[in-house]
Amino acid sequence: MMMENREKSLRIEEMIAALPDAGNTGKVSPEILADISKRISLKKMPTSALTRFWSLGNVQTKIALGYLAYRVRSSFVSAGKKQKLLNETHLAAAIRLLATMGYMRGAVMKLGQILANLPDVVPDEFAEILGALHFEAPPMHYSMIREVFVAEMGREPEEIFASFDKKAFAAASLGQVHKARLKTGEEVAVKIQYPHIARTIQADMRNLRFLLAPMRLSADWGSMTEYLVEIERVLTIEADYEQEAAFCRQAGKLFERAEGFVIPEIYDQYSSRRILTMEFIPGCHLQEFLAGNPSEELRNNYSLLISRFWARLFYSAKQIVADPHPGNFIFMADGRLGFIDFGCTRATSVEEQEMLAQLEIAFLEKDPAKIDQVIANACLYHDPSRMSLVQLQVIREVITWQFGPIVSEKLYDWGDSDFFLRGMELNLEMVQKGCSQSMPLCIWTNRMTYGFRAICYRLKCQNYFGRICREERERAQNG
Amino acid sequence: MRITEEAKNQNREKIIKAAAMLFAEKGFEETTTRDIAKAAGLATGTMFNYFPSKETMAMSMINEALLKGGADFVTRRTGEEEFAEELFLFITTGLQRLRAMHPFIGPVLEKSLSPFARKATCKEGESAREQHLAVVSAIMTRHGHTMVPEFLATNIYWSLYLGILAFWSNDDSPNQEATLAMIDYSIILFARMISAADPVAGGLSK
């Protein structure tokens, strides 16, 4: 009951007070996380634009004030205490952000998923708490699920399926997933979307544009506006499960189960724009897989599958998996890899494919002039001489970090933290030096690259990435 | 000539059917009692023996639908629902029965259920309100929400419910999915209100 929950819930101040003292690692106890999750489950998604805007603006203010308070307080304390204060500030900021994101779901929750997948970009405390977002979104009760079914399919879940679990077994950013069994016996996962979420995404984007309005006088504003339009477009597609089913089917044709890939079958007769019924893939997620101390061989094998999965979709299907967070991968007991979420998939246009191909050719030919020309095109300057030397230098380094492994034949150690951190630093440098103008596609190629590399980094694996890419490129060329 | 009870019921049914068709086609405001009588094959004067006004006619239809919704709710309820979930189920089950009236329900509810017009409230509207609130009271009792004075809780609830109906009558989202989110959110709000006012929960008494 709600009353009991409210009484047991901790306040942020109490959570911070519960932190260990000396040698604070910033780890959050499972009890605190469970409590946060419970608090969030009491919150319902505000669907009006005004309420959502208030939540977004309010949390930013609180986080900013938290860090400001840290700066003021840390001026008067010793170095050891400074570290503790900083950890406390990180933790408090993360808790506030998590609470709001769980509250707002939708588009903003996606941000949490991106951050959580990049453990070294954000402070450890942030990453750990945000990690909880993958599977702990607030639930819809069963009566709501029934209403969505009646509205979408004209029938109740029990009329459609032989059995239907009333409790969700996983949360999706736009809804939740229930296990069910078809009358023909197959076990399925049924993804159900929270009503009206697509419109709340539009409201989020409107609010975001408003919050970013102070930037409108900067040189990047035009590019930023295009980015926001692009993000809204992809997130709106993500809210359309019929489109996701189409992407999933297209991918299914490219991967053989004997090769080690399992792409779920879609059951159209039990699916709609808001309900997606697909084959249930048994297995575990990355965190649980790693907790079992898998052998180096097994980790490398999975990195090979993940890399080939990425490359084949990129070269053969011309698709960018724009949401490669670990919750979408299933590590199966027999060593195969399942991929269960094609919601955030971005199809590339002919013009975009041409630009990406040109960039690869330039790298393969090791031709600096060609590389600069493609960079200028991708950054919408169309001529390298119109870019400053600083811009050109930073972007050249970013692109080298991104494309280097693709065109190299050497064994890559993805667990090398120096290499991974360098990528993060370059990304930050690019933003700091005002080099963010680019084709909107680059949002997704960046996210895809960083996302996949973050997973490989966590797997601490090695593989011949360039060789995999070459094989997949040739496979695509040979039809 | 005396008319049998069966014939009376048949006439009533004819009028309701004709009215439902015309309200859906032309809208509530644009339909006249003469149109309805003509479509039902009755004299206008005869029709007034059954329904004194167009509003009463429409509200009778709504009342019947809500009664059927109440019966559906009893069938659909599993007994495992928590308080907010059970209220959600009750409201949404009623709306399913009202769905056919969605195109014209707004002005009817405005005239028949307006909380500002107690004296002019039609009998059918008052009956719908009483029956609906009786179920809500039973749900509250079942879940132990007995500490808040009932007239307060039901009045707060009724204001929210009218808001939901008003929102739903104007909801043009696919399958009125925006209303589902609205009901979910409104019920949580209501549950929090009556929980906070409950001395057992330590709300206001603290």
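The values are calculated or read from the model by the stated rules, or taken from the named source; none is laboratory data. What you see is a predicted model; the values in this text were computed from it and never measured. Positions of Cβ are backbone-derived with ideal geometry, glycine not excepted, and every protein chain shown enters the neighbour counts.
Restricting to region B:27-49, count the residues that are in contact (Cβ under 8 Å) with a residue 40 or more places away in the chain and crowded, with 16+ Cβ neighbours inside 10 Å. Outline the logic, then answer.
First, the residues of region B:27-49 that are in contact (Cβ under 8 Å) with a residue 40 or more places away in the chain: B:27-29.
Remaining after also requiring crowded, with 16+ Cβ neighbours inside 10 Å: B:28.
Count: 1.
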query: Any residue at all in region A:300-312 that is in contact with a Lys or Arg (Cβ under 9 Å, 6 or more places away or on another chain) and without any contact (Cβ under 8 Å) to a residue 40 or more places away in the chain?
result: no
- line: Those residues of region A:343-366 which are modelled with pLDDT of 90 or more and assigned to a loop (DSSP other than H, G, I, E, B) amount to A:Thr348, A:Ser349
statement: Checking B:Leu87, B:Leu109 in turn, the sole residue that is part of a helix (DSSP H, G or I) and more than 14 Å from chain A (Cβ to nearest Cβ) turns out to be B:Leu109
message: As an exercise: evaluate B:Ile156 against (1) among the β-branched types (Val, Ile, Thr); (2) away from chain A (no Cβ under 13 Å); (3) closer than 28 Å to B:Phe28 by Cβ and give the number of the one condition it does not meet.
response: (3)
task: Could you look through region A:387-415, keep only residues that are without any contact (Cβ under 8 Å) to a residue 24 or more places away in the chain and in a loop (DSSP other than H, G, I, E, B), and pick out the one that is surrounded by the most Cβ atoms within 10 Å (Cβ to Cβ)?
output: A:Met387
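Looking at region B:138-152, is at least one residue among the basic types (Lys, Arg) and modelled with pLDDT under 90? Don't jump to the end; show me each part of the working.
First, the residues of region B:138-152 that are among the basic types (Lys, Arg): B:142.
Subsequent filtering for residues that are modelled with pLDDT under 90 retains none.
No, that holds for no residue.
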query: How many residues are surrounded by fewer than 20 Cβ atoms within 10 Å (Cβ to Cβ), over 30 Å from A:His141 (Cβ atoms) and in contact (Cβ under 8 Å) with a residue 60 or more places away in the chain if we restrict to region B:104-121?
result: 1
query: Is it true that B:Leu162 is modelled with pLDDT of 90 or more, crowded, with 19+ Cβ neighbours inside 10 Å and in a helix (DSSP H, G or I)?
result: no
query: With region A:235-317 as the region, which helices (runs of 4 or more DSSP H) entirely inside it contain at least 3 residues that are touching a strand residue (DSSP E or B) at 6+ places or on another chain (Cβ under 6 Å)?
result: A:241-252, A:296-315
field: Criterion (within 15 Å of B:Ala58 (Cα to Cα), part of a helix (DSSP H, G or I) and touching a residue at least 24 places away in the same chain (Cβ under 8 Å)) met by exactly one of B:Gly125, B:Gly94
entry: B:Gly125
message: Please verify whether A:Trp414 is in contact with a Lys or Arg (Cβ under 8 Å, 6 or more places away or on another chain), modelled with pLDDT of 80 or more and under 17 Å from A:Tyr302 (Cβ atoms), treating the condition exactly as stated.
response: yes
